[in-house]
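Undergrad: The following block contains the structure, expressed as structure tokens.
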Amino acid sequence: MKVSLVGMGMGSLSGLTCEARSALSRAQAILGAERLVDVLKRSGEFQGATFAEAIPARIADIVSAHPEWENVAVALSGDVGFYSGARQLVDLFGGHEVELFCGVSSPQYFAARLRRPWQDFRLVSAHGKPCDILAEVLNH
């Protein structure tokens, strides 16, 4: 089975790369967070079965329950390499052919909206872990 992990950037079709769009089009099933799956379903462009699920272990369970699928896509917000569920999914799908398709990350999007380069940004995450944001701002 081929599993495509697809970064959807800010979650719209306009942010998909051509390669990501192609991977989604080939998929017999598309899984991902409800808001992403809804965007894909509403477009009418993608014909695969859809499953709204964001927890990596549950995504792997759904895929394991369908060995008849040859191509599966998992829609992920942002970029697959920046605080993404892709990290866990790559491990969970270790016995399958896994391909990652990048998307626009939130810092890229934010920097573009500010019309500023982001090579000097100090990136930290406060998602699910302690982070002293004031100290980060004052020190960087």
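The values are calculated or read from the model by the stated rules, or taken from the named source; none is laboratory data. Since the model is a prediction, treat every value here as computed from it, not as a measurement. Cβ sites come from the backbone with ideal geometry, for glycine too, and all protein chains shown count toward neighbours. With ligands, DNA and RNA removed, areas are computed over all heavy atoms of the protein, side chains included. Shrake-Rupley method; radii C 1.70, N 1.55, O 1.52, S 1.80 Å.
Undergrad: Within segment 52-70, identify whether any single residue is out of contact with any Cys (no Cβ under 8 Å at 6 or more places or on another chain) and within 21 Å of Tyr109 (Cβ to Cβ), and answer yes or no.
TA: Yes, because at least one residue in segment 52-70 is out of contact with any Cys (no Cβ under 8 Å at 6 or more places or on another chain) and within 21 Å of Tyr109 (Cβ to Cβ).
Undergrad: So Cys102 passes all but one of these: (1) modelled with pLDDT of 95 or more; (2) touching a helix residue (DSSP H, G or I) at 6+ places or on another chain (Cβ under 6 Å). Which condition number does it fail?
TA: (2)
Undergrad: Another question, then. Checking Trp69 against (1) touching a helix residue (DSSP H, G or I) at 6+ places or on another chain (Cβ under 8 Å); (2) buried (at least 21 other Cβ atoms within 10 Å of the Cβ), which test does it fail?
TA: (2)
Undergrad: Would you point out which residue out of Ile62, Ile55 is of a type in the set (Val, Ile, Thr) and open to solvent by 50 Å² or more (accessible area, probe 1.4 Å)?
TA: That would be Ile55, the only listed residue that is of a type in the set (Val, Ile, Thr) and open to solvent by 50 Å² or more (accessible area, probe 1.4 Å).
Undergrad: Now a separate question. So the check is Cβ under 7 Å with 6+ separation or different chains; which pairs have a first residue in segment 19-32 that's within 18 Å of Leu89 (Cβ to Cβ) and a second one that's open to solvent by less than 60 Å² (accessible area, probe 1.4 Å) and part of a helix (DSSP H, G or I)?
TA: Matching pairs, first to second residue: Leu24/Leu40; Ile30/Leu24; Ile30/Val37; Ile30/Leu40; Leu31/Ile59; Leu31/Ile62.
Undergrad: Taking Ser84 as the residue in question, decide whether it is among the hydroxyl-bearing types (Ser, Thr, Tyr), at pLDDT below 95 and under 17 Å from Val3 (Cβ atoms). Please lay out each step first, then the result.
TA: On the way: among the hydroxyl-bearing types (Ser, Thr, Tyr): yes; at pLDDT below 95: yes; under 17 Å from Val3 (Cβ atoms): yes.
Judged against the criteria, Ser84 is a match.
Undergrad: Can you tell me which of Val104, Val80, Val90 is part of a loop (DSSP other than H, G, I, E, B), open to solvent by 50 Å² or more (accessible area, probe 1.4 Å), of a type in the set (Val, Ile, Thr) and under 20 Å from Leu24 (Cα atoms)?
TA: Val104
Undergrad: Do we find that Val39 is more than 19 Å from Ser125 (Cβ to Cβ), open to solvent by 10 Å² or more (accessible area, probe 1.4 Å) and in contact with a Ser or Thr (Cβ under 7 Å, 6 or more places away or on another chain) in this structure?
TA: Answer is yes for this residue.
Undergrad: Please go through segment 22-36 and give me each residue that is over 17 Å from Glu70 (Cα atoms) and either surrounded by fewer than 16 Cβ atoms within 10 Å (Cβ to Cβ) or out of contact with any strand residue (DSSP E or B) (no Cβ under 9 Å at 6 or more places or on another chain) (or both), ordered by number.
TA: Listed by number, the residues that qualify are Glu34, Arg35.
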